[in-house]
Amino acid sequence: MGSFDYFEDVSLLEGKDETEALNLLKRPTLFKVNGQDNSRAVLVSTLIHGSEPCGFRAFLEEINRGRSYPFDVYFLVGNVAAAKIAPQFSHRNIPDGRNFNRIWCVDAPEGEEELCIAELEKFICSLPLIGVLDLHSFMAKGVSPHSFVVSIDDETLGYAKKFTPYVLKIEAGMGALIEATSKLCPSFVVECGTHNTPEADAFAGEVLDKFFKEFGVLDGSAGEPLTQYVYVNMTNFKVAPSKRVVWAEEEDTSADATLRPDCESLNLSKVEAGEFWGWASSLDFLKAWKGKTAVDVADYFYIEDGKLYLKHSCVPNLMSANEFIAKESGFYLFEKKEA
């Protein structure tokens, strides 16, 4: 393969610990484990972000079990270069690099990273896929694992409800792996827990097992549905690149906005209209989109006496007190839908 490495088995990594395994990889890598039936396949994606090792660890545990499968199983290890930066698993992307989960479905790819993902996408979408699981984690602490899907059709939602307590529908145009593969089959991002924690590692292993059972890779059942709520109508907010934002209990007048430092506590919980979010003199520190369409931040937030308030009740997610994340991928507001 031109832009990524491809192996027809996993023997390269068998018996290796995570550091040894990672060091054997040179760039985005796809492994195939041949099953008895080559007319069907599933894909498990890991390390799309280099700071999210739970899926990679679940992959290594799985291949060291030496199990045979009734049909083909593919494993993707994505942002190898970012994961290798010392200390290991500390960087989401390479410095000044692209977010590997925002550059799928690009019509005219440019640059090394977009061209690599475009080549991967072409290959992956040529496979006879029946299901895709993309394993991630997040910065916030104390937040439940949850799933993202592109569609909430009965089949996709039926699977997703078995995997996590919450399911969130993303808008088209994010450039995520599951956008590319959902054209072929049910596809899921599962956010397994806080980065680099035993809890996230354990959940990733559990979800991989459930995914394999639900799609017939392994015998057995994934059990009863976990999901209580489904969240829809997503809006993505990012801090403008030229603006300075801080998180503090009191206003920092040297910044363009000061946001409440307990923002992580708002994730996956209903926040009422009129909720105080911080201090700002203008809304121009924020940009907002529904998919690829820019929308007016003033439809969601307002300023009164130098303070920032929420205009409508909503459910936030992936909020963190981190300026890089706030600018690079931002945070999301959803509406709650009964599951």
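The values are calculated or read from the model by the stated rules, or taken from the named source; none is laboratory data. These numbers come from a predicted model, not from an experiment. Counting neighbours? That spans all protein chains shown, and the Cβs are built from the backbone with ideal geometry, glycine included.
Taking the range 27-50, which residues are of a type in the set (Gly, Ala, Ser) and crowded, with 20+ Cβ neighbours inside 10 Å? Walk me through how you get there before you give the answer.
To start, the set of residues in the range 27-50 that are of a type in the set (Gly, Ala, Ser) comprises 35, 39, 41, 45, 50.
Matches in the range 27-50: ALA41, SER45, GLY50.
Return yes when THR258 is free of Cβ contacts under 8 Å to residues at least 24 places away in the same chain, crowded, with 16+ Cβ neighbours inside 10 Å and either not assigned by TED's automatic domain parsing to the domain that holds ILE152 or not basic (Lys, Arg) (or both) and no when it is not.
Judged against the criteria, THR258 is a match.
Condition first: part of a loop (DSSP other than H, G, I, E, B), of a type in the set (Asp, Glu) and free of Cβ contacts under 8 Å to residues at least 40 places away in the same chain. Can you find one or more residues in the range 145-156 that meet it?
Within the range 145-156, the subset part of a loop (DSSP other than H, G, I, E, B) is 145, 150-153.
Going one step further and asking which of them are of a type in the set (Asp, Glu), we end up with 153.
Within this subset, residues satisfying the condition of being free of Cβ contacts under 8 Å to residues at least 40 places away in the same chain are 153.
The answer is yes; a qualifying residue exists.
Go through the residues of the range 297-306 one by one and say whether even a single one is in contact with a strand residue (DSSP E or B) (Cβ under 8 Å, 6 or more places away or on another chain), in a loop (DSSP other than H, G, I, E, B), over 15 Å from ALA280 (Cα atoms) and assigned by TED's automatic domain parsing to the domain that holds ASP262.
Checked against the condition, which is being in contact with a strand residue (DSSP E or B) (Cβ under 8 Å, 6 or more places away or on another chain), in a loop (DSSP other than H, G, I, E, B), over 15 Å from ALA280 (Cα atoms) and assigned by TED's automatic domain parsing to the domain that holds ASP262, the range 297-306 yields no hits at all.
With the requirement that a residue be over 20 Å from HIS49 (Cβ atoms), touching a helix residue (DSSP H, G or I) at 6+ places or on another chain (Cβ under 7 Å) and surrounded by 24 or more Cβ atoms within 10 Å (Cβ to Cβ), what does the range 126-178 give you?
Listed by number, the list holds a single entry, VAL167.
Tell me, please, whether a residue that is at pLDDT 95 or above and either in the same structural domain as GLY291 (by TED's automatic domain parsing) or small (Gly, Ala, Ser) (or both) can be found in the range 162-169.
No: zero hits.
So is PRO241 farther than 29 Å from ALA294 by Cβ and at pLDDT 95 or above or not? Before the answer, list the steps.
Working: farther than 29 Å from ALA294 by Cβ: no; at pLDDT 95 or above: yes.
For PRO241, the condition - farther than 29 Å from ALA294 by Cβ and at pLDDT 95 or above - is not met.
Identify the single condition in (1) over 18 Å from SER144 (Cα atoms); (2) part of a loop (DSSP other than H, G, I, E, B); (3) in contact with a Ser or Thr (Cβ under 7 Å, 6 or more places away or on another chain) that GLY278 does not satisfy, given that it satisfies every other one.
With respect to (1) over 18 Å from SER144 (Cα atoms); (2) part of a loop (DSSP other than H, G, I, E, B); (3) in contact with a Ser or Thr (Cβ under 7 Å, 6 or more places away or on another chain), GLY278 is out only on (2).
Which residues, taken from the range 186-218, are surrounded by fewer than 22 Cβ atoms within 10 Å (Cβ to Cβ), part of a helix (DSSP H, G or I) and hydrophobic (A, V, I, L, M, F, W, C)?
ALA202
Determine whether the range 286-302 contains at least one residue that is crowded, with 19+ Cβ neighbours inside 10 Å, under 20 Å from ALA140 (Cβ atoms) and at pLDDT 95 or above.
Looking for residues that are crowded, with 19+ Cβ neighbours inside 10 Å, under 20 Å from ALA140 (Cβ atoms) and at pLDDT 95 or above, one finds at least one in the range 286-302, hence yes.
Can you tell me which of (1) free of Cβ contacts under 8 Å to residues at least 60 places away in the same chain; (2) touching a Pro at 6+ places or on another chain (Cβ under 7 Å); (3) under 17 Å from SER187 (Cβ atoms) is the one GLU121 doesn't meet?
Unmet condition: (2).
Which residue out of LYS183, LYS243 is touching a residue at least 12 places away in the same chain (Cβ under 8 Å), assigned by TED's automatic domain parsing to the domain that holds ALA321 and either within 17 Å of the chain's Cα centre (by Cα) or not in a helix (DSSP H, G or I) (or both)? Spell out how you get there, then give the answer.
Numbers: LYS183 fails: assigned by TED's automatic domain parsing to the domain that holds ALA321.
Answer to the check: LYS243.
Kindly evaluate VAL232 against the criterion of being assigned to a strand (DSSP E or B) and either within 30 Å of LYS162 (Cα to Cα) or in the same structural domain as TYR166 (by TED's automatic domain parsing) (or both). Show your work before the answer.
Working: assigned to a strand (DSSP E or B): yes; either within 30 Å of LYS162 (Cα to Cα) or in the same structural domain as TYR166 (by TED's automatic domain parsing) (or both): yes.
So VAL232 passes the test.
Looking at (1) not in a loop (DSSP other than H, G, I, E, B); (2) not assigned by TED's automatic domain parsing to the domain that holds SER151, which is the only condition GLU249 fails?
(1)
With the structure loaded, tell me whether ALA86 is over 16 Å from the mean Cα position of the chain (by Cα) and surrounded by fewer than 20 Cβ atoms within 10 Å (Cβ to Cβ) or whether it fails that test. Give the derivation first.
Values: over 16 Å from the mean Cα position of the chain (by Cα): yes; surrounded by fewer than 20 Cβ atoms within 10 Å (Cβ to Cβ): yes.
Answer is yes for this residue.
From the residues in the range 261-280 that are among the small types (Gly, Ala, Ser) and surrounded by 14 or more Cβ atoms within 10 Å (Cβ to Cβ), which one is modelled with the lowest pLDDT?
Looking only at the range 261-280, we keep the residues that are among the small types (Gly, Ala, Ser), and these are 265, 269, 273-274, 278, 280.
The next check asks that each one be surrounded by 14 or more Cβ atoms within 10 Å (Cβ to Cβ); those that pass are 265, 278, 280.
Working: SER265: 93, GLY278: 97, ALA280: 97.
Here the residue is SER265.
What residue, among those in the range 1-18 that are loosely packed, with under 11 Cβ neighbours inside 10 Å and not acidic (Asp, Glu), is nearest to LEU120 (Cα to Cα)?
GLY2
Counting only residues that are in a loop (DSSP other than H, G, I, E, B) and either at positive phi or of a type in the set (Ser, Thr, Tyr) (or both), how many does the range 312-339 have? Please lay out each step first, then the result.
Narrowing the range 312-339 to residues in a loop (DSSP other than H, G, I, E, B): 312-313, 318-322, 329-330, 339.
Adding the requirement that they be either at positive phi or of a type in the set (Ser, Thr, Tyr) (or both) leaves 313, 318, 320, 329-330.
Qualifying residue count for the region: 5.
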